[in-house]
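For reference, the structure discussed in these notes is given below.
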């Protein structure tokens with residue numbers, strides 16, 4: 001009986017293949033550290049996909065891993081499963097042709113903010129979900145006016161020169177794995193496959 005139920009479950013199971021594209025970075029700052037591991041988006045997607053839901057035949061939602069098989073590929077592994085397309089030249093076209101899902105990660109860095117955005121595409125290249133995480137740099141202003149106080153026995157002399165414009169001290173945000181993790185968690189938490 002258990003074997004029969006297992007066979008029926010496997011027959012009803014759907015396979016979802018997901019291609020995690022290489023991270024795309026746009027860096028417009030030389031003050032912000034924007035180094036991230038090339039496999040971080042791939043690694044976090046393989047961990048957080050379990051938060052996604054799938055629609056049942058009854059129209060209800062259930063965890064996608066309950067009755068489905070989800071397989072992940074990146075630029076190093078996709079050619080083993082799909083030999084008929086060059087993913088390095090146009091992975092969206094290949095994903096559409098081979099009917100699987102795609103995750104893109106876009107990172108934009110400037111002096112004032114880091115934005116990590118992940119997009120999950122269906123096989124027909126419609127957007128299923130988008131997740132964004134941002135980190136802002138801090139700005140501190142340093143006054144340049146120096147006040148000199150001289151105290152004598154009979155008086156106090158305060159010397160206040162002309163006030164200069166304050167100095168801007170930028171404390172840049174840095175790109176961290178935590179931002180990739182949070183973006184991935186948000187992407188899959190709202191995804192319905």
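Residues checked against (1) more than 29 Å from residue 18 (Cβ to Cβ); (2) touching a residue at least 24 places away in the same chain (Cβ under 8 Å):
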{"site": "144", "(1), (2)": "yes, no"}
{"site": "152", "(1), (2)": "yes, no"}
{"site": "161", "(1), (2)": "yes, no"}
{"site": "164", "(1), (2)": "yes, no"}
{"site": "172", "(1), (2)": "yes, yes"}
{"site": "180", "(1), (2)": "no, yes"}
{"site": "185", "(1), (2)": "no, yes"}
{"site": "190", "(1), (2)": "no, yes"}
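Take residue 55 and tell me if it is in contact (Cβ under 8 Å) with a residue 60 or more places away in the chain and buried (at least 19 other Cβ atoms within 10 Å of the Cβ). No, not satisfied. The requirement of being surrounded by fewer than 19 Cβ atoms within 10 Å (Cβ to Cβ), modelled with pLDDT of 95 or more and not in a loop (DSSP other than H, G, I, E, B) is fulfilled nowhere in the range 59-67; no residue meets it.
Restricting attention to the range 124-163, the residues being surrounded by 11 or more Cβ atoms within 10 Å (Cβ to Cβ) and either within 30 Å of residue 95 (Cα to Cα) or in contact with a strand residue (DSSP E or B) (Cβ under 7 Å, 6 or more places away or on another chain) (or both) number 13. So is residue 45 assigned to a helix (DSSP H, G or I), within 15 Å of the chain's Cα centre (by Cα) and surrounded by 12 or more Cβ atoms within 10 Å (Cβ to Cβ) or not? It is true that residue 45 is assigned to a helix (DSSP H, G or I), within 15 Å of the chain's Cα centre (by Cα) and surrounded by 12 or more Cβ atoms within 10 Å (Cβ to Cβ). Where strands (runs of 3 or more DSSP E) fall entirely within the range 77-193, those with at least 3 residues that are in contact with a helix residue (DSSP H, G or I) (Cβ under 7 Å, 6 or more places away or on another chain) and closer than 30 Å to residue 51 by Cβ are at 101-109, 113-121, 127-136. Of the listed requirements (1) out of contact with any strand residue (DSSP E or B) (no Cβ under 8 Å at 6 or more places or on another chain); (2) surrounded by 10 or more Cβ atoms within 10 Å (Cβ to Cβ); (3) over 30 Å from residue 91 (Cβ atoms), residue 166 misses just one: (1).
The values are calculated or read from the model by the stated rules, or taken from the named source; none is laboratory data. For clarity, every value in this text was computed on a predicted model and none was experimentally measured. A quick note on method: Cβ atoms are made from the backbone with ideal geometry, for glycine too, and the neighbour counts reach across all protein chains shown.
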